[in-house]
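**Student:** Pasting a structure here, questions to come.
Values quoted throughout were computed directly from the atomic coordinates according to the rules given, and no laboratory measurement underlies them. Remember, it's a predicted structure, so these values are computed and weren't measured experimentally. Note that each Cβ is placed from the backbone with ideal geometry, even for glycine, and that neighbours are counted across all protein chains shown.
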Amino acid sequence: MEELEVEAKYARFKGADWFSWLNKREVILGGAGGIGSYMSLFLSRLGCNIYIYDMDTFEPHNQSGQLVRQQDIGKSKTDVAEELAKEFSNHSLIEGMGKYEMDSEYSPIMISGFDNMEARKNMFNNWKTQLEENPDIKKECLFIDGRLLGESYQIFCIRGDDEKNILRYEEEFLFNDSDVEDIDCTLKQTSHCAAGIASHMTGFLTNFAANIVNEGDFNQIPFTYEYITPMNYTENVV
């Protein structure tokens, strides 16, 4: 990307090897809540073309863990994501898409920030469909799945050319909603953990892009990453 074509807002990282690959690249983001509200802002700062799926509106309790202003209570979460991208990033390449279902759109880069397994499964299955339809683009395909609790989070990164971990993720980590353990509703989300998981997911995306540009695996992209705040515990499995 020629320097004259780069807007001033990208001046501090326009020399990054991942920037030219990610800028204006289509990203489908599932969820605009705890993970997605922060993720949409970070993606807008990279200049990605964002399609964000969520059908919920903001409620007062969302202020404990999501990127929402007082004036946004009662508004559509995707509408707020669009407003914040314009206000904080001067970015208009973001569009709200409603509920993500079995027949929804898919793209090589898909990021799940859903709070339910059904939507997560739909998104992953659709992402896999394009691998079968277009095997030549597997190396440019990435599925990132974030799972967030009040004081911990877990991230999965599945590359399109990693058949072993595609199968492992599908068999071990895509369980049913009925198998999800109930948690204390008074400790379901915190803003610092929500921002933390979105920051790590964005970092893994830039690492993935850098590896494509450099034609190698120079920057680590873990299959699973886990962080537990009270213990300051990190587990990273490549």
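**Student:** What FRET efficiency comes out for the pair GLN70/HIS192, r = Cβ-Cβ distance, R0 = 25 Å, nearest 0.05? Could the numbers behind the result be given before it?
**Tutor:** On the way: r = 19 Å, r/R0 = 0.77.
For R0 = 25 Å, the calculated efficiency reads 0.85.
**Student:** Past 22 Å, Cα to Cα, is the threshold; run LYS77/LYS128; LYS75/LYS99; LYS24/LYS138; LYS139/LYS164 against it and keep the listed order.
**Tutor:** Working: LYS77/LYS128 27 Å; LYS75/LYS99 16 Å; LYS24/LYS138 20 Å; LYS139/LYS164 14 Å.
Exceeds cut-off: LYS77/LYS128.
**Student:** Evaluate the distance, in nm, between pseudo-label points positioned 7 Å from the Cα of SER107 and of GLN220 along their respective Cα→Cβ axes.
**Tutor:** The modelled label-to-label distance comes out at 2.9 nm.
**Student:** Take the Cα atoms of the range 3-237, find their three principal axes, and give me the spread along each one in whole Å, biggest first.
**Tutor:** Result for the range 3-237: principal-axis Cα extents of 46, 43, 40 Å.
**Student:** Which ³J(HN,Hα) values, rounded to whole Hz and listed in residue order, are derived for the range 187-201 from phi using the Karplus coefficients 6.51, -1.76 and 1.60 in 6.51 cos²θ - 1.76 cosθ + 1.60 with θ = phi - 60°, glycine and proline given as x?
**Tutor:** Listing the rounded values in order: 9, 9, 8, 9, 5, 5, 6, 5, 5, x, 5, 5, 5, 5, 4 Hz.
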